[in-house]
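Structure, as structure tokens:
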Amino acid sequence: MSKKILIGEDDRGMSELIKTRLEQSGYAIATAFDGFQAITQARSFKPNLIILDLMLPKMEGYSVCR
């Protein structure tokens with residue numbers, strides 16, 4: 001079973017770059033493009049690690065962490 005990582009990043013190009021690199025290393029990746037999506041994805045995907053941008057639309061990264 002591969003480790004799961006959630007990427008919370010609103011810049012789609014940056015998100016895709018991070019996702020591609022991590023998938024090449026064998027990780028299962030989920031992405032979210034705003035704070036609410038990040039919370040929803042975290043609850044359903046149950047990642048081992050979350051890489052989170054602090055300046056997300058709809059809800060900032062600090063609030064998502066809390």
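If the cut-off is a Cα-Cα distance under 23 Å, which lysines reach Lys3, setting aside same-chain residues fewer than 8 apart in sequence? Reachable lysines: Lys19, Lys46. Per residue, the solvent-accessible area of the chain (1.4 Å probe, heavy atoms of protein chains only, all protein chains present) comes to 68 Å².
Quick check of the Kirkwood formula: for the chain, what is the inverse mean of 1/r over all pairs of different Cα atoms, in Å?
On the way: mean 1/r = 0.0864 Å⁻¹.
One over the average 1/r among Cα pairs gives 11.6 Å for the chain.
Charge tally around Leu52: other residues with Cβ under 12 Å, Lys/Arg +1 each, Asp/Glu -1 each, net -4. Here the Karplus curve 6.51 cos²θ - 1.76 cosθ + 1.60, taken at θ = phi - 60°, turns the phi angles of region 29-40 into couplings of 10, 10, 10, 9, 10, 8, x, 5, 4, 4, 5, 4 Hz, with x standing for Gly and Pro. Surface composition of the chain: carbon and sulfur make up 54 percent of the accessible area, probe 1.4 Å.
The values are calculated or read from the model by the stated rules, or taken from the named source; none is laboratory data. The shown structure was predicted, so the numbers you read here are calculated from the model rather than taken from an experiment. Every residue, glycine as well, gets a Cβ built from its backbone with ideal geometry; the counts of neighbours run over all protein chains shown. Surface areas here come from the heavy atoms of the whole protein model, side chains and all, with no ligands, DNA or RNA. Shrake-Rupley method; radii C 1.70, N 1.55, O 1.52, S 1.80 Å.
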